[in-house]
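Note sheet for the following structure.
The values are calculated or read from the model by the stated rules, or taken from the named source; none is laboratory data. Only a predicted model underlies this, so the values are computations on that prediction, with no experimental measurement involved. Because the Cβ atoms are built from the backbone with ideal geometry, glycine has one as well, and the counts that use them run over all protein chains shown. These accessible areas exclude ligands, DNA and RNA; they are computed on the full protein's heavy atoms, side chains included. Shrake-Rupley method; radii C 1.70, N 1.55, O 1.52, S 1.80 Å.
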Number of protein chains: 2
Amino acid sequence: MKNKVGREIPDEFLKEGKQVFQGAFAFDKNVYYKVASKTVGVSDPNHTKVLPDLKAAIMACGLKDGMTVSFHHHFRDGDYVVCMVMQAIAELGIKDIMVCATSLGTAHDALVPLMESGVITGISSSGLRGKIGKAISDGKLKNVAYIRSHGGRAAAIASGAVHIDVAFLGAPTSDDYGNALGQGGISDCGVLSYGEVDARYADRVVIVTDTLVPFPNVPASISCSDVDYVVVVDKIGDSEKIANHTMRMTENPRELILAENAALIMKHTPYFKDGFSFQTGGGGPSLAVTRFLRPMLEEAGIKIGFTVGGCTKPMIDLLKEGFIGAIMDSQDFDFASVESVHKTPGHFEITTSEYADPFNKGAYVNRLDYVMLGALDIDIDFNVNVITGVDGVVRGAPGGHVDAAAGSKCTVVMAPLVRKGRLSSVRDRVLTVTTPGETVDIFVTEVGYAVNPRRQDLIEALKKCPLKRYTIEGLRDEAYALAGKPEDTKFEDKVVALVEYRDGTIIDVVRKPAKYVLA
Amino acid sequence: MKNKVGREIPDEFLKEGKQVFQGAFAFDKNVYYKVASKTVGVSDPNHTKVLPDLKAAIMACGLKDGMTVSFHHHFRDGDYVVCMVMQAIAELGIKDIMVCATSLGTAHDALVPLMESGVITGISSSGLRGKIGKAISDGKLKNVAYIRSHGGRAAAIASGAVHIDVAFLGAPTSDDYGNALGQGGISDCGVLSYGEVDARYADRVVIVTDTLVPFPNVPASISCSDVDYVVVVDKIGDSEKIANHTMRMTENPRELILAENAALIMKHTPYFKDGFSFQTGGGGPSLAVTRFLRPMLEEAGIKIGFTVGGCTKPMIDLLKEGFIGAIMDSQDFDFASVESVHKTPGHFEITTSEYADPFNKGAYVNRLDYVMLGALDIDIDFNVNVITGVDGVVRGAPGGHVDAAAGSKCTVVMAPLVRKGRLSSVRDRVLTVTTPGETVDIFVTEVGYAVNPRRQDLIEALKKCPLKRYTIEGLRDEAYALAGKPEDTKFEDKVVALVEYRDGTIIDVVRKPAKYVLA
């Protein structure tokens, strides 16, 4: 069945109520029942939650073949928790496990052998980077993988599309009752936003920490009232990789031009006024936009009302200097952010559900004026791909891209017109639709920008912007002239991953690349 | 059927799985499914939550005959919200409504005519003070009333024993998306702890405020992601009565002796060591204990780890002076507390579920060393009544009494041996069992104390305490010698209220007093 962005979704995946993508807001006012999680209440004051090791916790939670476990990715490339837990599960002889993670990456290469041995047979994640992405593209996972945005994952959990049997939530600090915090330990990550929906809806919740602190560990990101067990391990992560790798403050001149162009665009749109709200994605050019904001704000004599989403040092600096009213933080990319949250006045933690869940009663992304996002490639319908590389291999992550694009009044996507390797960023048709074009307003490159024809108001407003305006087809033609029309990537029939839109519908499928060779 | 504290519970109430009280920890490790609330997700960024008035919100929420609405009592005797909303419901011709409040009191006299006219046919509350209590005792409510502790109410809501169709939550400030806070307005109440469980499990949630502030109103006690609508009214309460009435800093010499005796007892028990945890109830003598703490702490060279529950100025002072590590606040009794929360370092808000729900995975009360509680009367089994007066009329509130008594390692109940009017506080049998004797450790009077024989360890430890130790029967005899044996209160057969223990079992029933005359 063909969906709203023209992708053919095989019928085999359209069962048990699963539907194809029908438009970004087709499920607005969706009526559903939140998950009834199976809970064990503790009223005995002598009950102890601390267990000696992960295996004891896995057994205490009654984990069995075929169940689903979940993880957050606040430790990013420095994460030890996912592999530790899955290794313990494997050693206990439990198999056929679905791993529902917020993201998986290079820290999780060790999961590939567990996929091959049948311990892990299902995966739901935003990011599928590194060897995991390759293994999935290579068809090594028994079941089809689910790629979900951050908001989409929260919605899937809250609505029961994914039922989590046991959540294993890494925490830089915890007390013996499970009050968990992202600060105060040896592997700090700042907020624990991604884990809250797991804590709220999983049947069983285990906090995994390397730093046990006195009760009460507050302000707790995960409350003791949602935690069954606490396990203390030697180390939950590599602190050098927790807060440093995903984010890079680009010095690449072309990326800086992109960022500067995006900032210039912003300045000429009607939302650029006192109190506006703002988010950037996690890519280099997107993050760099923040660095161009201060002179613009000073010149206009305005300040930002609030920012949402991932947090970086330039934002903290703007907050401290009075240019931002509040930072609503759901992820800390660098040490400055990790240290600041809960401490700098105006720097608040929000959960991923509050940030982006399209099925809650109103997420923060709904209140965004601007979001600055990256793209692997974009097509002439403004559909964006952030998942598959040119070789067709899964390597990216929708993250909050999809959610913020839907929520924001002005969604700006930026990419160099032609990438290294002489590949056009603009195509007739993106390899994998992650974010539908109806939620993308402006595409910015180093040579100029294109506005989605749906937004005639922005075209009008941007007439005063000195940057060159193109049609999206114009940018495509320019790119093709420079780099040639990209060759079609060849795929086998086998579907290795379903790309869910944030409302749980299928927006695209990822197939196994043909003649794919493991790098 | 007779329950564990010897009360006969009529069979007519033991249906649909309802059970009699079987002991304070009989439902420890209770396995249940949390409520699946019916939710309407909002992904359209143009959706507006602000409605022009309460009637518009009531209609938008689809409130119908026979449904349940809920309220919190953070505005105490100054509350306007409950009556405003119920009046609007009445004017819309909706009837047969169950009111599930955290407490009802003198601010809610206007509900009595709505009980008489059939608009309100059911009530669940902790407190039933003032005219409401009298009207219920007089049999004016169509259905039997439910009296629940704060923790018991949270458990009843989370487990679905009470299903809330629409929660109307008063908030001193809110933004237009429903981020609600107890500070920053003209009717501040500090925390909004009682309302969180409603926001989490009600199908529909309406914030009622008199002070609309810019988005985002943070740190939000109730998150926008849980709120359907926002209504702005002229005034949500009388600020003079919000933070002043329930709490009184006693100057009554006998109450001060009680408090001093309780403090002395505390000093001689084994939990009085560095880092101990502490709660007081909301009555005069209980609150006054805090005033005797400082010299004891100084002398012993120790500090309090954390306090839980209701908050008062003496606690804030101790926090600021370094005698308390953290205040975990679920209710603010005075202006000093209202202003302090979220601002004084170490002063944190917790929800009522976190505070006391016996069905969550571990509430704060489970971690208490001491709780200092009041009593209307106590019996020789250490059962405590805080609900019915000597005339049998409902006038009190279990509040967190039951919850803290169950959780605390050392539960101290205090009362004058003989009350004004020459009534003994100790009886063979309390009128209404609120808190079972198995959760009460020490009873303190102005003449001495009695220790529950279950606690031989405390009897041993208190041998060094200079206060006179009695048996509970000894205290009863002393009181009877002074005031005579109290006459039995006469009742009709009609049951007007069920007293639920915190685990949802029935610990006692309240009958209609015989020859009862409306005062």
Q: Have a look at the range A:38-66 and report residues whose accessible surface goes down by 20 Å² or more when the remaining protein chains are included, against the chain on its own, probe 1.4 Å, ligands and DNA/RNA excluded.
A: A:K38, A:T39, A:V40, A:G41, A:V42, A:S43, A:D44, A:P45, A:H47
Q: List the accessible area buried at the contact between B and A, summed over both sides and calculated with a 1.4 Å probe, in Å² to the nearest 100.
A: 5300
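For the protein assembly as shown, just say rounded, prolate or oblate: build the C-alpha gyration tensor, square-root its eigenvalues into a ≥ b ≥ c, call rounded for a/c under 1.5, and beyond that prolate if a/b exceeds b/c, oblate if not.
Prolate shape, in that a/c is at least 1.5 and a/b is the bigger ratio.
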Q. At a 1.4 Å probe, which residues in the range A:359-382 are at least 40 Å² less accessible with all protein chains present than in their chain isolated?
A. A:K361, A:G362, A:Y364, A:N366, A:R367
**Q.** J(HN,Hα) series, the range B:58-65, from Karplus relation 6.51 cos²θ - 1.76 cosθ + 1.60, nearest Hz, glycine and proline x
**A.** 4, 6, 4, 7, x, 5, 9, 3
Q. Roughly how big is the protein assembly as shown's charge dipole about its Cα centre, with Cβ charges of +1 (Lys, Arg) and -1 (Asp, Glu), in debye to the nearest 20?
A. 660
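In the protein assembly as shown, what % of DSSP beta bridges are antiparallel (nearest 5)?
Values: 48 of 162 bridges.
Given both bridge residues lie in the protein assembly as shown, the antiparallel proportion sits at roughly 30 percent.
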Q) Considering the zone a paramagnetic label at B:E16 would reach in this model (a point 7 Å from Cα along the Cα-to-Cβ line), which residues of the range B:46-73 have amide N under 18 Å from it? A) B:64-70
Q: Per residue of B:17-26, count partner chain C-beta atoms within 10 Å of its C-beta, then hand back the mean as an integer.
A: 1
Q.
Taking θ = phi - 60°, what integer Hz values does the Karplus form 6.51 cos²θ - 1.76 cosθ + 1.60 yield along the range B:18-30, in sequence order, with x for Gly and Pro?
A. 5, 10, 7, 4, 10, x, 4, 10, 4, 9, 4, 6, 4
Q.
Using a 1.4 Å probe on the protein heavy atoms only, what accessible surface does B:L482 show? Give it in Å² to the nearest 10.
A. 100
Q. Membrane-span-like helices in chain A: DSSP H runs reaching 24 Å or more (Cα, own axis), mean Kyte hydropathy at least -1.0?
A. none
Q.
Students sometimes get this wrong: rank A:R204, B:R7 by accessible area, probe 1.4 Å, all chains present, largest first.
A. A:R204, B:R7
(Q) Taking the full set of protein chains and a 1.4 angstrom probe, give the accessible area of B:K29 in square angstrom, rounded to the nearest 10. (A) 80
Q) Using modelled amide H (1.01 Å from N, peptide plane; none on Pro or chain starts), what sits under 5 Å from the amide H of A:V233, excluding residues fewer than 5 places away? A) A:T209, A:D210
Q) In whole Å, what is the distance between the alpha-carbon centres of the range A:382-409 and the range A:135-150? A) 16
Q: Express in whole angstrom the spacing between the alpha-carbon centres of the range A:327-345 and the range B:310-360.
A: 25
(Q) Rounded, prolate or oblate, given the Cα gyration tensor of chain A, with a/c below 1.5 counting as rounded? (A) oblate
(Q) If each label sits 7 angstrom from Cα along the C-beta direction, how far apart, in nm, is B:R422 from its counterparts in the other copies? (A) 11.0
Q. Which one of B:I350, A:A155, B:F443 has its Cα pushed farthest toward the positive end of the charge dipole of the protein assembly as shown, where Lys and Arg give +1 and Asp and Glu give -1 at the Cβ?
A. A:A155
Q: Provide an ascending nm list, one decimal, of label-point separations from A:D317 to the equivalent residue in each further copy; define each label point as 7 Å from Cα along Cα→Cβ.
A: 4.7
Q: Give a quick list of GluC sites (Glu not before Pro) in the range B:1-97 that DSSP marks as loop, anything other than H, G, I, E or B, with at most 13 other Cβ atoms within 10 Å.
A: B:E16
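Among DSSP beta bridges lying fully in the range A:253-489, give the percent that are antiparallel, nearest 5.
Of those bridges, close to 25 percent are antiparallel.
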Q: Determine the share of the protein assembly as shown's accessible area contributed by carbon and sulfur atoms, expressed in whole percent, with a 1.4 angstrom probe.
A: 51
(Q) What does DSSP give for chain B in terms of the percent of beta bridges that are antiparallel, rounded to the nearest 5? (A) 25
(Q) Assume the label is 7 Å from Cα along Cα to beta carbon: what separations in nm does A:G17 have to the matching positions in the other copies? (A) 2.1
**Q.** 24 Å Cα-Cα reach of B:K313 towards lysines, excluding residues that sit fewer than 8 places from it in its own chain
**A.** B:K241, B:K267, B:K273, B:K303, B:K343
Q: Provide the per residue accessible area, probe 1.4 Å, for the protein assembly as shown, rounded to a whole number of square angstrom.
A: 33
Q. Hey, what do the phi angles of the range B:498-515 turn into as Karplus ³J(HN,Hα) couplings, whole Hz, using 6.51/-1.76/1.60 and θ = phi - 60°, x for Gly and Pro?
A. 9, 9, 8, 6, 4, 8, x, 7, 8, 9, 6, 10, 10, 9, 6, x, 6, 6
(Q) Distance between the C-alpha centers of the range A:452-469 and the range B:250-282? Whole Å please. (A) 71
Q: Assuming R0 = 30 Å, can you tell me the calculated FRET efficiency for the pair A:R254 and A:K142, based on Cβ-Cβ distance, to the nearest 0.05?
A: 0.10
Q | Dipole of the range B:31-93, positive direction: furthest Cα of B:V85, B:A60, B:S43, with charges on the beta-carbon | A | B:S43
**Q.** Distant-in-sequence amide H partners of A:N452 (H built 1.01 Å from N, under 5 Å)
**A.** A:I442, A:F443
